[in-house]
Amino acid sequence: MVTETQNKQAVMNAVEAAIKEHGTSREELIPILNDINRKIGYLPQEALEEVSRRLRLAKSQVFAVTTFYRMLSTKPRGRHVIQFCESAPCHVVGGREVWETLQDILKISEDETTPDGKWSLVTTSCLGICGVGPVIVIDDDIYGNVTPEQIPDILARYS
Amino acid sequence: MAFYRSHVLVSVDPGCLAKGALEVIDALHDELVAQGLVDEVQVLETSRIGDPVQYGPDMMVYPEGVHYANLSVDDIPYLVEEHFLKGRIVEKFRAKEITVADEELGAPKPKEVRIVLRNCGKIDPNNIEDYIAEGGYMALAKALSEMTPEEVIDTVLRSGLAGRGGAGFPTGKKWQFARNSSDPVKYIICNADEGDPGAFMNRRVLESDPHSVIEGMIIAAYAIGAQQGYIYCRAEYPLAVKTLNIGIQQAREFGLLGENILGSGFSFDLEVRQGAGAFVCGEETALMASIEGRRGEPRPRPPFPAVKGLFGKPTNINNVETYAVVPQIIVNGAEWYASMGTENSKGTKTFALAGDVKHTGLIEVPFGITLREIVYDVGGGIKDDKKFKAIQTGGPMGGCIPEQYLDLPVDYKSLASVGSIMGSGGMIVMDEETCMVDIARFFMEFTQDESCGKCVPCRVGTRRILEILTRICEGKGRDGDIETLEELCREISSTSLCGLGQGAPNPVASTLKYFRHEYEAHIYEKRCPAKVCRALITYEIIAGVCTGCTVCARNCPVNAISGERRQTHHIDPDICIRCGICMQVCNFNAIRIN
């Protein structure tokens, strides 16, 4: 119970901080959701409800926006999110092998989280760094020219 | 204070210390004493000069600015005698120029003309003074002090600049529409939502030369009378967002943004808006919806943004590249810009050249250059000297152009005439080993996934096309599929709401037109001519060439290969998953695809 209360408090704090930063006008909705998503890792229902109350927007509106954008998640994410670029330039230089290795090692597929809550695996659209493909991004760290052999070493850097 | 005629800075970073930098310093000091130069040459310790792995121990000698590298104690007496006593630079100790490979943007290749990319990689993007030193903000000063807004618009109009986001609408005309609106509140937007896979021209400009875009936007705002501007940048480009924010902050500090810019009485400010991952937001009406905090869904036009745009106000929206060339046009004049290009497309265009060419990366070429020149002169030809098959232009909504049109001069009209588009500037070169049905399927997968779902033709139609293409690639193509595809292409492009849906069938329509025989081979002969589609190929071991070395059998992930040592091996097609590993590991080229 304690952790649940703490979690709820963390969510409310994140909402509060985002609104303090951006204000409550409609055009700030996406920046606000982005901030909360970044801090909590996803957008829990309480967060969406609180945002809808504070911005005086229908819940359906907030939910509609949240589910439209790929980077906003309504599902809990792991402590570290691995983004894999699924675009053609990365695909043709060995991206598929990297993607398969990631799934093999973590034993999860796209858009899933490991049972210990450490890793989430998602795909992303082109990151525009096609000169160094295949590319993966873990949290904010970009890794280019990735080979399947490097993946265990890269993953070991995160606790 | 002692006066030295020469200063030597020796690198003492950990890498150089490990390689004996301190011993080198001691030897240098001893030798200078021995030669009686110790009062003329000062030795200082400094941090890293070059990469210690490549160069250490190394030193810089001033005032000449010579970089000596890979020095050992034994080199010092000769160096001191030659350089400090006789005044001769010792070439053999000089650091070899190790060019840091810029894989995106190398030195200009033959036939390139760099206007948009001129500062990229040359100036510090986080320092506005670097940009100003290269003539930056001169155009803004000229526009604000010597030109009326109408004159600015007239100059842009006469330059022939057209929308570099891909549609090619004359920029000056767009500005005129926004200018003519009587509404006192107007907005200006920079579309930096560069979503085409493999296209990164705009990212590079934003990260390497943000002020050219900021300056172009201020000039545009002055021309149309806008007070507030937004740069809508996709969230996948965090560094571009950061660089832009630094640039905007510095421009404010220099009085180039904000109230009363350069004392002209004109006020304007800029803000960066970040997307949240939606390809369709590159469409202008969807982009504005996203800035307003809504789902990024396009709406029908008219009304065009110049009449009713952001927050219902007149809005001018241009691409990154369009704004980035505006300052150049203002400084050098409309005639200068219009002197480059063709009858209907003026100036230069950046492209991201990718695929099977020798030199991939960013290029900037004048309009009118032929596709052949781009592939063979700028791109250096096809990799491994294979045969050219097609070039795909315009991103996922573009078409595939076959060899017969290689001598086509590139401009907006000519590309449209062969069923493709200019688009934002992606260019993918494909060699003979590319299956055109597979390529069409790949692009359709992308557009189908990115369709926002608002209008039926795009939402449902792209899915039907994808299903049929997938079936054909799996060897389950049926008689009548080609005709159905053609009908779908026609209807989706004529009835979809926005550019995404209207352009989505292009990869299919163009490959159906130019590579129809490949579709027919897949459907009627169950054969993939390029040997790509897995369901339509079999791997076979050639008897007589196979030495029975067992390498293939040991590497096969599904144990589909059998055979005794020193006997010809055999692949069981029912177990084989067509992964191709056997072919890669075979040392005798004994495996072929049928």
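The values are calculated or read from the model by the stated rules, or taken from the named source; none is laboratory data. Since the structure is predicted, the reported quantities are computational estimates derived from the model, not experimental observations. Note that we place each Cβ from the backbone using ideal geometry, even for glycine, and neighbour counts take in every protein chain shown.
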For this session: Give me the pairs, please: first residue somewhere in region A:127-140 and within 11 Å of chain B (Cβ to nearest Cβ), second residue anywhere and among the charged types (D, E, K, R) and not in a loop (DSSP other than H, G, I, E, B), beta-carbon distance under 9 Å, and either six or more positions apart or on two chains.
Result: A:L127/B:R203; A:G128/B:R203; A:G128/B:R204; A:I129/B:R203
Exercise. Of these, A:G41, A:G117, which one is more than 11 Å from chain B (Cβ to nearest Cβ), at pLDDT below 90 and within 16 Å of the chain's Cα centre (by Cα)?
Worked result: A:G41
Exercise. Given region A:41-154, what strands (runs of 3 or more DSSP E) lie entirely inside it while holding 2 or more residues that are buried (at least 19 other Cβ atoms within 10 Å of the Cβ) and in contact with a His (Cβ under 8 Å, 6 or more places away or on another chain)?
Worked result: A:119-124
Seminar exercise, completed: B:I115: passes all of (1) modelled with pLDDT of 90 or more; (2) under 30 Å from B:R204 (Cβ atoms); (3) part of a helix (DSSP H, G or I); (4) not acidic (D, E) but (3)
Exercise. Can you tell me which of B:Y131, B:Y62, B:Y68 is modelled with pLDDT of 90 or more and closer than 21 Å to B:Y4 by Cβ?
Worked result: B:Y68
For this session: Search region B:228-262 for residues being within 18 Å of the chain's Cα centre (by Cα) and away from every other protein chain (no Cβ under 13 Å), and hand back the single one that is nearest to B:Y323 (Cα to Cα).
Result: B:L244
Problem set entry | Conditions (1) free of Cβ contacts under 8 Å to residues at least 60 places away in the same chain; (2) not in a strand (DSSP E or B): number failed by B:V185 | (1)
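What tally of residues in region B:271-289 results from selecting those that are more than 7 Å from chain A (Cβ to nearest Cβ) and either within 18 Å of B:V307 (Cα to Cα) or crowded, with 23+ Cβ neighbours inside 10 Å (or both)? Lay out the reasoning, then the answer.
Step one: list which residues in region B:271-289 are more than 7 Å from chain A (Cβ to nearest Cβ), which gives B:271-273, B:275, B:280-289.
Those still in the list that are either within 18 Å of B:V307 (Cα to Cα) or crowded, with 23+ Cβ neighbours inside 10 Å (or both) too: B:275, B:280-289.
Of the residues in that region, 11 qualify.
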Problem set entry | Subset of region B:292-318 (residues that are surrounded by 23 or more Cβ atoms within 10 Å (Cβ to Cβ) and not in a loop (DSSP other than H, G, I, E, B)) | B:L310, B:T315, B:N316, B:I317, B:N318
Exercise. Right, B:Y222: part of a helix (DSSP H, G or I), buried (at least 20 other Cβ atoms within 10 Å of the Cβ), among the aromatic types (F, W, Y) and more than 10 Å from every other protein chain (Cβ to nearest Cβ) or not?
Worked result: yes
Problem set entry | Candidates B:E215, B:E207 - the one that is touching a residue at least 60 places away in the same chain (Cβ under 8 Å) and within 10 Å of chain A (Cβ to nearest Cβ) | B:E207
Problem set entry | Residue check, A:F63 among the aromatic types (F, W, Y), under 30 Å from B:F442 (Cα atoms) and either without any contact (Cβ under 8 Å) to a residue 40 or more places away in the chain or in contact with a Lys or Arg (Cβ under 9 Å, 6 or more places away or on another chain) (or both) | no
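Let's see how each residue does on (1) more than 24 Å from B:C528 (Cβ to Cβ); (2) away from chain A (no Cβ under 13 Å); (3) touching a Pro at 6+ places or on another chain (Cβ under 6 Å); (4) assigned to a loop (DSSP other than H, G, I, E, B):
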site	(1), (2), (3), (4)
B:R372	yes, yes, no, no
B:V375	yes, yes, no, no
B:S414	yes, yes, no, no
B:M422	yes, yes, no, yes
B:M427	yes, no, no, no
B:M430	no, no, no, no
B:T434	no, no, no, yes
B:Q448	no, yes, no, no
B:K454	yes, no, no, yes
